[in-house]
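All of the numbers you see were taken from the coordinates with simple rules; none came from a lab. None of these values were measured; they are calculated from a predicted model. Cβ sites come from the backbone with ideal geometry, for glycine too, and all protein chains shown count toward neighbours.
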Amino acid sequence: MNLPKTAALASLLATATPFAPPSPGGRPAARLGAVSRKDSYDITLLPGDGIGPEIMESAKSVLSALCDRCGFELNLREALIGGAAIDAVNDPFPDATLEACQSADSVLLSCIGGYKWDTNPRELRPETGLLKMRKSMGLFANLRPAKVLDQLVDASTLKREVVEGVDVMVVRELTGDVYFGEPKGIDTDADGESVVALVAEALGGCFAVVDAFW
């Protein structure tokens, strides 16, 4: 890993201005205050399930190197989510985890889920914990970068001329539409046209995404 670039990213994240989730009216709410620069940051770690704990251990090693190089401290605190939380407290996203996330400067999530919990009722599935986290904390956007490294161009099943130089960012809305299936029914818009309430709510989330990254 290129630590100078990682340090630059850490600095950018530390000074970025987070956004509130969309207001009930569908448009983004007012901006929240940014995390100020300081000597130490509180980070809540969510190792999750499967290879999640293994990934988190590697991430902690990277964070440790980052701290040594950049001269700040990270106070790391682990909390439960997903299947691990179900096994421990019968809740895929416990209140204690929400409190730990809300009181932290940042949250680092690994991964959740596994065959073990696939037959559980919906409220006791790991994925339900992830949705609850998104909704409770207003995590309305997901950034999915796709960049093809020169060293891996020929490893793709696609032709070189198709994948070479690809560098895109997919911004995915996370808190509306079919994720929650709410609201239900038919509404009327300002022009008197009937619209599906679910789609109208999803558009509100899309406005929030555009406003945050424009």
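A few notes on this one:
- 51, 43 arranged by Cβ crowding within 10 Å, fewest neighbours leading: 51, 43
- For segment 67-73, the Karplus equation 6.51 cos²θ - 1.76 cosθ + 1.60, evaluated at θ = phi - 60°, returns couplings of 5, 4, 7, 9, x, 10, 10 Hz by residue, with Gly and Pro reported as x.
- Close amide-amide hydrogen proximity is noted between residue 49 and 111, 112, 113, each under 5 Å apart and 5 or more residues distant or on a separate chain (H modeled in the peptide plane; Pro and chain starts excluded).
- The local environment of residue 78, defined by Cβ-Cβ distances under 13 Å, has a net charge of 0 under the rule Lys, Arg +1 and Asp, Glu -1.
- Here's how it looks for residue 74: its modeled amide H is under 5 Å from those of 41, which are all 5 or more places away or on a different chain.
- Relative exposure of 42, 167, 87, judged by other C-beta atoms within 10 Å (fewest first): 167, 87, 42
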